[in-house]
1. Taking the options B:E469, B:E505, name whichever one is at pLDDT below 95 and open to solvent by less than 20 Å² (accessible area, probe 1.4 Å).
2. Looking at B:R594, B:R624, which one is basic (K, R), without any contact (Cβ under 8 Å) to a residue 24 or more places away in the chain and open to solvent by 60 Å² or more (accessible area, probe 1.4 Å)?
3. Out of all the residues in the stretch B:597-612, which are part of a helix (DSSP H, G or I) and either open to solvent by 70 Å² or more (accessible area, probe 1.4 Å) or acidic (D, E) (or both)?
4. Out of all the residues in the stretch B:627-647, which are within 14 Å of chain A (Cβ to nearest Cβ), touching a residue at least 24 places away in the same chain (Cβ under 8 Å) and assigned to a loop (DSSP other than H, G, I, E, B)?
5. Do we have any residue at all in the stretch B:80-102 that's among the aliphatic types (A, V, I, L, M), away from chain A (no Cβ under 11 Å), open to solvent by less than 10 Å² (accessible area, probe 1.4 Å) and closer than 23 Å to B:E635 by Cβ?
6. Looking at (1) part of a loop (DSSP other than H, G, I, E, B); (2) touching a residue at least 24 places away in the same chain (Cβ under 8 Å); (3) open to solvent by less than 10 Å² (accessible area, probe 1.4 Å); (4) not small (G, A, S), which is the one condition that is false for A:C452?
7. State whether one or more residues within the stretch B:8-26 are of a type in the set (S, T, N, Q), outside any loop (DSSP other than H, G, I, E, B) and at pLDDT 95 or above.
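The values are calculated or read from the model by the stated rules, or taken from the named source; none is laboratory data. Just so it is clear, the model here is predicted, and its values are computed rather than measured. Here Cβ is always computed from backbone atoms with ideal geometry, including for glycine, and neighbour counts include all displayed protein chains. Side chains are part of the model used for accessible areas, which takes the heavy atoms of the whole protein and leaves out ligands, DNA and RNA. Shrake-Rupley method; radii C 1.70, N 1.55, O 1.52, S 1.80 Å.
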Protein chains: 2
Amino acid sequence: MVTRTEVAKSNCFAGKILYVNLTTGRMWTEPTMAYAERFLGGRGINNWLLYKRVKPWVTPLESANVLIIGAGALVGTLAPCASRLSVDGKSPMTGGVGSSSSCGYFAAELKFAGYDHIVIQGRARNPVYLWIDEDRVRIEDAAHLWGKLVSETVSSIKEERGDDRIGVLAIGPAGENLVRGACIIVDQARAAGRCGLGAVMGAKNLKAIAVRGKGGIGVAEPQRFMEAVDRAWGKLGRSESARRRREWGTLWAAPVCNEIGLFPWKNFQDDYVEADRLKRISPQVYSEHYQVRRLGYMSCPISCSRIYEVKDGPYKGLICEGIEANDLWNFGGRLAIDYPPAILKAHHLCNEYGLDQDNAAGSIAWAFECYEKGLLTEEDTDGLSLEWGNYEVVIELLRKMAYREGFGDLLAEGSKRASEIIGRGSEAFAIHVKGQDSMEPMRACKGWALGCAVSTRGGSHTRGANLAELYSGLPKEVSERIWGIPAVPDRHSYKDKAKLVVYYERLQAIVDSLGICLLCSNWGGPDQLDPEDLAELYSAAVGREITGDDLMLVGERIHNIEKAFNVLHAGFKRQDDYPPLRFIEEPIRSGPARGEILDRAQFDQMLDEYYEIHGWDKETGWQRKAQLERLGLSEIAADLERSGKIL
Amino acid sequence: MVTRTEVAKSNCFAGKILYVNLTTGRMWTEPTMAYAERFLGGRGINNWLLYKRVKPWVTPLESANVLIIGAGALVGTLAPCASRLSVDGKSPMTGGVGSSSSCGYFAAELKFAGYDHIVIQGRARNPVYLWIDEDRVRIEDAAHLWGKLVSETVSSIKEERGDDRIGVLAIGPAGENLVRGACIIVDQARAAGRCGLGAVMGAKNLKAIAVRGKGGIGVAEPQRFMEAVDRAWGKLGRSESARRRREWGTLWAAPVCNEIGLFPWKNFQDDYVEADRLKRISPQVYSEHYQVRRLGYMSCPISCSRIYEVKDGPYKGLICEGIEANDLWNFGGRLAIDYPPAILKAHHLCNEYGLDQDNAAGSIAWAFECYEKGLLTEEDTDGLSLEWGNYEVVIELLRKMAYREGFGDLLAEGSKRASEIIGRGSEAFAIHVKGQDSMEPMRACKGWALGCAVSTRGGSHTRGANLAELYSGLPKEVSERIWGIPAVPDRHSYKDKAKLVVYYERLQAIVDSLGICLLCSNWGGPDQLDPEDLAELYSAAVGREITGDDLMLVGERIHNIEKAFNVLHAGFKRQDDYPPLRFIEEPIRSGPARGEILDRAQFDQMLDEYYEIHGWDKETGWQRKAQLERLGLSEIAADLERSGKIL
């Protein structure tokens, strides 16, 4: 128990990185401290280790890929919503950096056991799970768990270990079957969703990681830290943005976004759904008819999650955690389902199968549109009629995808690959960024669109995309303090949007590395935590003075690692930083934002500006040597130079 | 039957390309003629279709990869040894072009059925085989064949179709289990061996392709063609090189190569084995004690294959086709086995499992050396003692690899990947070129070494490597006529070797595209078929005048397609055109070539010269726009330009 006590007495970086080679069964550790100053923790350290440990020639689903789990630096402390876990590896969706994040209790349990990161190498010969019981780490047989749904897996492990407080992350059948968009489910209902890392875990024959920690996390300057915590909780307590989430969960966004043309309809044939129709699946409907209780995780002042129950109809008896705003976009919008319990059911099945719902809905929406256009027939779909809104078909397709059964085997490749396998012009209906299905409408808000398109992890709105342009009316001093611009131009304008994107790329890298929920930062609303708030929490916790600007520099460094990984591994260039063509070619058809479209020339200009702020080359999109050296990444500059991919 | 008659009455290009999409079950055809002028047939057309149909982001084992089967242009005619089948796809070993070739009857059957090429796209939902019965093509269930050895698969198909003359190519358990070095076995005992295309076939759930054709192949100018055939057969009848192969098969090369330091010993710790020891597995031993009969395929004037039988000892009762020179290198040399029946057994098992023996022996030899050096212990190897020459262990490891069982799962990745998964400095003992295990010693013959190192398909001696330097004593006029140089400098010299390599790269592309056996060209000896002989056969067959130089230009075009594929898909550059470090750092230890080593500076000079002859850039190794345009490949130049990988 000596190790445990030491950890508790020390600061929040006293942890270790645990390396596990599943091929050889060997394990070893290294102190996290070696990396903390340059990359903080969580996503930052994960992506550095990923960069260092995976060669560009390695393909995502082979044993030479690595899977890296990392708790954010502040996880386990009382910092608000410091619960985030980052999972990284080479992505089966994009071939570049695969990066995802989840809340839950797992990250804290991991730190309480003395570890900040786990680096999984190789592949086990048979299905296994990793069992971390304080400083005793074992690779356990998982033959009895293989094939099980996520909830069964989690309860089996808790039962056989006789401890209900164990943190568990697991894959479902989708990950086992190497479904390209499989995710990792954390603590039964939270998802490290995007980039297909569940398939990477499945390819390693790793069904789950379970951890139980009993140590504590010390901070360097307790009193100062508690003051910073109080201030941060106070700020979130007063925040209007936080209040909305507290009241409605993330669902609040659906009607608001629909009104401005940010709600996908039938695979983005439109970015608006008729308001009365949306009301059938509104936040109020879920709150009044299905909500059982609110739910929050580790140190969370918001509790935006919900438990729902279905009391009648075909899904009577279903009790599940979730849904989130994504579900309304994915199932309510992209697939046009308007029966609320069916969305709960689809959400629940994605969690049970370990399917990332953004990717799953992307493949299915592509297939629905192909069916509508006559490019797919019932001969292709195992006899299913892919009629918009038919939730029974959607639910059946989720199952088929997870088990790669019949038509599901094609959908399991994601819409980009599926479209290129069958051809027939179906490529036009695969809505993806860098190969990963995108759930983001991109016509109405120009800065949001830029952020979605340049995302290092492909389809995603948490790599630069932001809704700051919705706050164009804020006073000048607020706008200047946060984003460094006198006023945020409204959503129709392309001006200054590149600045907002770069700001949030860095901020997102920071919060993911500290383990703070992005929704509680000023990404979720200008009245929430900003880099200075985060810097004060971090400084007090580790006893090293760091400013908001210092943190933003670390964010820039982390973002540049991911960029370089993409250039080296996936060969991404400027051409890969564009949105799906549909948003440039077809305007929004209805609603208040009718007629909105992305203008190619103006997008190009915005992209030029974006590269300029980064110090990257406009023509290729590649990085520059001097800029990487300024960030202390000369090793990366040398790698890029050897490959001739730097300026 | 109309189609069949038409084919028979037409020329040898009247065939079709058959496209099969296993995902959708759809099939269609296109006339081969559309590609014949630019790429001839076989490997040439295969690689063009591969280039056009697979995107750089596709990984080798996913359904978006394609597998392309192609009969050479002259297959089915009486041209000598016109039996060759080319199989191409993106390689799981290198990530670049995967290209392999086999003899047998399959290629001719395919043409007799009216097809020159088969392009397999997508992935079947369940195990299937493709059954081509003249112009009736069906995707048949193969549930009953999955898991079967190759010989069982072939006889099952022949039995259920009630026809013993069916041509069959199939994968064994290794391909099913996605062993990275799995091969495709053609007609039960011939291998399309290198580049792991058996795994590509396995990943498509395609167990076999069976074909029966009853048509004939017409030629444009029958009398002229028969005269050309007579001359070619006559030349091979008089050839001393052909005589040696007729008498000893390919085994003749082992003692000859050993004496000049071209025989690998214990994973290339040396390139020589003590002559008395080699005698235990000499061609004479096999000929006197094990050979049952000689065997030749379609229109072959040599019959270099053999049937062997083991009459006593632990492998008593084994009857098999083979072995080839590779077996002596791989099992006799790299693994130091000196019991002749064990080499027959290992060879036979590779054919039954569908394992490429060059790749399998590479992984195993790497493991043996790691064990010798203490980097692997019995804890890693499932308790096996990896002692050099222990054939029982080798045979057990072949099985473990094929089924990815235990330690075999690591070996199934190939030595390069295996070494990077376990680390421990074992990378130094992975002898590979561009990721593919190499069976070629490279210290003694400098031109041979260059050819092996620059090979577009990775580890291989049939992509430029040649033994012309063994004929340094030939008269000036012979040397000038064939290679365009006054005399071939001997094997110790680096001079003019780049010229020989470029010559043979082109010649190899031609013979593989015409379907003529490389061993019968002047690659196998200067007294055999040269480009002029091939041009005359081809001109008479198709009724289009073409010279030897014209053919060599086509060879250059084909080679440049493969090069561009590698640059775009695998990012290969100059650094990937080097031999394994061992050959530059450790000299040959014993035998007449003792002390021979590759000199880095002189190799560099040879490589410079090689790029110069090709018109490629010396610094990067990349192609140039003007040169690709001269070859009629401006489409490729445009692709490379978009990726910034051209000069």
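1. B:E469
2. Result: B:R624 is the single residue among B:R594, B:R624 that is basic (K, R), without any contact (Cβ under 8 Å) to a residue 24 or more places away in the chain and open to solvent by 60 Å² or more (accessible area, probe 1.4 Å).
3. If the condition is that a residue be part of a helix (DSSP H, G or I) and either open to solvent by 70 Å² or more (accessible area, probe 1.4 Å) or acidic (D, E) (or both), then B:R600, B:Q602, B:D604, B:Q605, B:D608, B:E609, B:E612 are the ones that fit.
4. Scanning the stretch B:627-647 gives B:S643, B:K645, B:I646, B:L647.
5. Yes, because at least one residue in the stretch B:80-102 is among the aliphatic types (A, V, I, L, M), away from chain A (no Cβ under 11 Å), open to solvent by less than 10 Å² (accessible area, probe 1.4 Å) and closer than 23 Å to B:E635 by Cβ.
6. (1)
7. yes
Conditions tested, residue by residue: (1) part of a helix (DSSP H, G or I); (2) touching a Ser or Thr at 6+ places or on another chain (Cβ under 9 Å).
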{"residue": "A:S419", "(1), (2)": "yes, yes"}
{"residue": "A:E440", "(1), (2)": "no, yes"}
{"residue": "A:G447", "(1), (2)": "yes, yes"}
{"residue": "A:R457", "(1), (2)": "no, yes"}
{"residue": "A:L470", "(1), (2)": "yes, no"}
{"residue": "A:E477", "(1), (2)": "yes, no"}
{"residue": "A:R481", "(1), (2)": "yes, no"}
{"residue": "A:Y504", "(1), (2)": "yes, yes"}
{"residue": "A:D512", "(1), (2)": "yes, yes"}
